[in-house]
Amino acid sequence: MMKLKSPPVNSLSLELLTEFAISLEKLENNRACRGVIITSSVPKIFSSGLDITEMCGKSMEHYTEFWRAVQEIWLRVYSSSMVTVAAVNGSSPAGGCLIALSCDYRIMAENPKFSIGLNEAQLGIVAPFWFKDTFVNVVGHRIAERSLQLGSLHSAPEAHKLGLVDELVPEEKLMEKAAAVMAQWLALPDHARQLTKTMMRKPVVDRLVAHREEDIKNFVTFISKESIQKSLRMYMEMLKKRKS
Ligand SMILES: CCCC/C=C\CC(=O)SCCNC(=O)CCNC(=O)[C@H](O)C(C)(C)COP(=O)(O)OP(=O)(O)OC[C@H]1O[C@@H](n2cnc3c(N)ncnc32)[C@H](O)[C@@H]1OP(=O)(O)O
């Protein structure tokens, strides 16, 4: 099991992304490890998505390093040879949703206050093509298109209805259910499951691998724009105001 642990909200900072990638690599290289459950140790939050402070007021070099780390974590989770189950035990906007979408199966705690989705549009930013492709491959084109354009965050019941999560279970049963799903998936021979997963996911993975540097350049150019920086600053201020 891998538990995201970066209070208060598990925002995906460069440090957390780097630690996460190293831990995944270790598990991937351990032949005895055939599956991983990804969850959070922060109450009520799976992950608040990319750490916005990593994308605000920093240098081009920093944005480059940060975006490479975001790409890396997606490549590792999405193309993992292990069975990956997301036990979504809290809210999971944007980058947090991407982590869950990249797993093989998603189980979410049945709490209508928890929400999940790719809400980038609400921040005035645009989810890159590989976020979009991952989303489309889970929920289909129409639902993804509407949800991405509106930057929707879906409550747990709504997310289940849309197919964004596979199952809802009472919060106290989440880990038990995740273990049961893992056992079910691990009952199959690894080679058949892994080859099938590769067949299904390779086109999307290959697309980023082929355009990785271009994607970094696009991100750095986009995020460095004063208008985008202003949107992000306003969003952070809104989060702080909402709190007080
Ligand atoms: C081209 C670019 C493509 C980029 C692709 C992906 C982009 C992203 O992933 S952007 C991140 C999007 N995330 C969000 O929109 C979530 C924002 N956060 C929230 O909605 C709430 O914080 C959340 C529901 C997760 C939790 O709510 P609360 O428990 O009520 O906590 P607070 O809102 O009080 O937050 C505590 C503390 O954390 C700061 N915070 C929250 N999220 C982030 C974040 N993603 N990055 C950085 N910091 C974050 C928040 O401002 C509070 O800070 P303080 O006021 O200093 O305590």
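The values are calculated or read from the model by the stated rules, or taken from the named source; none is laboratory data. Not measured: the values here are computed from a predicted model. With ideal geometry, Cβ positions are generated from the backbone for all residues, glycine too; neighbour counts draw on all protein chains shown.
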> Out of (1) within 30 Å of HIS62 (Cα to Cα); (2) touching a Ser or Thr at 6+ places or on another chain (Cβ under 9 Å), what's the single condition that is false for SER155?
Replying inline: (1)
> Only one of (1) within 16 Å of the ligand (Cβ to nearest atom); (2) surrounded by 20 or more Cβ atoms within 10 Å (Cβ to Cβ) fails for VAL126. Which number is that?
Replying inline: (2)
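Yes/no per residue for (1) out of contact with any Phe, Trp or Tyr (no Cβ under 9 Å at 6 or more places or on another chain); (2) of a type in the set (Phe, Trp, Tyr); (3) away from the ligand (no atom under 14 Å from the Cβ):
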| residue | (1), (2), (3) |
| --- | --- |
| ILE37 | yes, no, yes |
| GLU54 | no, no, no |
| LYS58 | no, no, no |
| GLU65 | yes, no, yes |
| SER81 | yes, no, yes |
| THR84 | no, no, yes |
> Within the stretch 99-130, which residues are aliphatic (A, V, I, L, M) and in contact (Cβ under 8 Å) with a residue 40 or more places away in the chain?
Replying inline: ILE99, ALA100, LEU101, ILE107, MET108, ALA109, ILE116, LEU123, ILE125, VAL126
> Among (1) part of a helix (DSSP H, G or I); (2) more than 9 Å from the ligand (Cβ to nearest atom); (3) under 18 Å from VAL138 (Cα atoms), where does LEU24 come up short?
Replying inline: (3)
> Name the helices (runs of 4 or more DSSP H) wholly within the stretch 175-244 that hold at least 1 residues that are more than 16 Å from the ligand (Cβ to nearest atom) and basic (Lys, Arg)?
Replying inline: 190-210
> Taking LEU12 and the conditions (1) in contact with a Gly (Cβ under 6 Å, 6 or more places away or on another chain); (2) closer than 24 Å to PRO189 by Cβ, which numbered condition does it fall short on, given that it satisfies the others?
Replying inline: (2)
> Which is of a type in the set (A, V, I, L, M), surrounded by 13 or more Cβ atoms within 10 Å (Cβ to Cβ), at pLDDT 95 or above and at negative phi, of LEU195, LEU188, LEU208?
Replying inline: LEU208
>> Can you go through SER48, SER13, SER6 and tell me which one is buried (at least 19 other Cβ atoms within 10 Å of the Cβ) and within 14 Å of the chain's Cα centre (by Cα)?
In response: SER48
>> What pairs come out if I take residues in the stretch 224-244 that are polar (S, T, N, Q) and pair them with residues that are assigned to a helix (DSSP H, G or I) and within 9 Å of the ligand (Cβ to nearest atom) whose C-beta lies under 8 Å away, six or more apart or interchain?
In response: GLN229/ILE223; SER231/LEU123
> In the stretch 24-45, how many residues are under 16 Å from the mean Cα position of the chain (by Cα) and free of Cβ contacts under 8 Å to residues at least 24 places away in the same chain?
Replying inline: 0
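Has the stretch 138-146 got any residue that is in contact (Cβ under 8 Å) with a residue 60 or more places away in the chain, away from the ligand (no atom under 13 Å from the Cβ) and under 19 Å from the mean Cα position of the chain (by Cα)?
No: the stretch 138-146 contains no residue that is in contact (Cβ under 8 Å) with a residue 60 or more places away in the chain, away from the ligand (no atom under 13 Å from the Cβ) and under 19 Å from the mean Cα position of the chain (by Cα).
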>> When the residues of the stretch 94-110 are narrowed to those that are more than 16 Å from the ligand (Cβ to nearest atom) and not aliphatic (A, V, I, L, M), which ends up surrounded by the fewest Cβ atoms within 10 Å (Cβ to Cβ)?
In response: GLU110
> Which one of SER48, SER91 is touching a Lys or Arg at 6+ places or on another chain (Cβ under 9 Å), closer than 24 Å to LEU239 by Cβ, within 14 Å of the ligand (Cβ to nearest atom) and of a type in the set (Gly, Ala, Ser)?
Replying inline: SER91
